[in-house]
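Written below as structure tokens is the structure these notes are about.
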Amino acid sequence: MTARGGSKGLPGKNLRLLAGKPLIAYTIDAAVASGAFDRLVLSTDDADIATVARTLGCAVPFTRPAELARDETPHLPVVQHAVRWLDEHERYRPDAVMILQPTSPLRQPQHISEAVALLERSGADSVVGVGRAGSLSPNADRFDRRLR
């Protein structure tokens, strides 16, 4: 999982309450309920996010460096840092890695399980979950017609 503390668009978004729960809780709960992981690890630069994640059953064995917590930082170096840190400090080498972002609170445990099953079944190097661009947009039909 990845969760930065410094959001410019919505400060503190990962800990903001949504229906009484911190946003990050939805992702952690879905990941745990999926049963797909032998370990759930969070990469964050924020101590408050780390504390909440730990109380919800997520490991936070390191703090993400500030240079990997900028608005423009892509996910790849963040994941590379996490995997390298786990290898160097714990000799833990995962067979696969899944990026779960707290900003997708509607993700269900079965979505995670289905993604893992697809990865295993297909023999692909990676699987990316996406939704229709207009699935939550009132202009979805107009957008879909332009893509055809």
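The values are calculated or read from the model by the stated rules, or taken from the named source; none is laboratory data. In this text, all values refer to a predicted model and were calculated from it rather than measured experimentally. Reconstructed Cβ throughout: ideal geometry from the backbone, glycine too, with neighbour counts over all protein chains shown. For accessibility, only protein heavy atoms count, side chains too; no ligands or nucleic acids. Shrake-Rupley method; radii C 1.70, N 1.55, O 1.52, S 1.80 Å.
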Discussion item. What pairs come out if I take residues in segment 30-56 that are more than 16 Å from residue 6 (Cβ to Cβ) and of a type outside the set (A, V, I, L, M) and pair them with residues that are outside any helix (DSSP H, G or I) and at pLDDT 95 or above whose C-beta lies under 6 Å away, six or more apart or interchain?
Written reply: 54/60
Worksheet item: Given the structure, is residue 44 modelled with pLDDT of 95 or more, surrounded by fewer than 21 Cβ atoms within 10 Å (Cβ to Cβ) and either hydroxyl-bearing (Ser, Thr, Tyr) or more than 27 Å from residue 111 (Cα to Cα) (or both)?
Response: no
Item to complete: Consider residue 78 carefully, then state whether it is aliphatic (A, V, I, L, M), more than 22 Å from residue 7 (Cα to Cα) and either open to solvent by 70 Å² or more (accessible area, probe 1.4 Å) or part of a helix (DSSP H, G or I) (or both).
Response: no
Worksheet item: If a residue has to be assigned to a helix (DSSP H, G or I), of a type in the set (Val, Ile, Thr) and either open to solvent by 20 Å² or more (accessible area, probe 1.4 Å) or over 23 Å from residue 73 (Cα atoms) (or both) to count, how many in segment 1-41 make the cut?
Response: 1
Item to complete: Check segment 61-70 and report whether any residue there is open to solvent by less than 70 Å² (accessible area, probe 1.4 Å), out of contact with any Asp or Glu (no Cβ under 6 Å at 6 or more places or on another chain) and within 17 Å of residue 27 (Cα to Cα).
Response: no
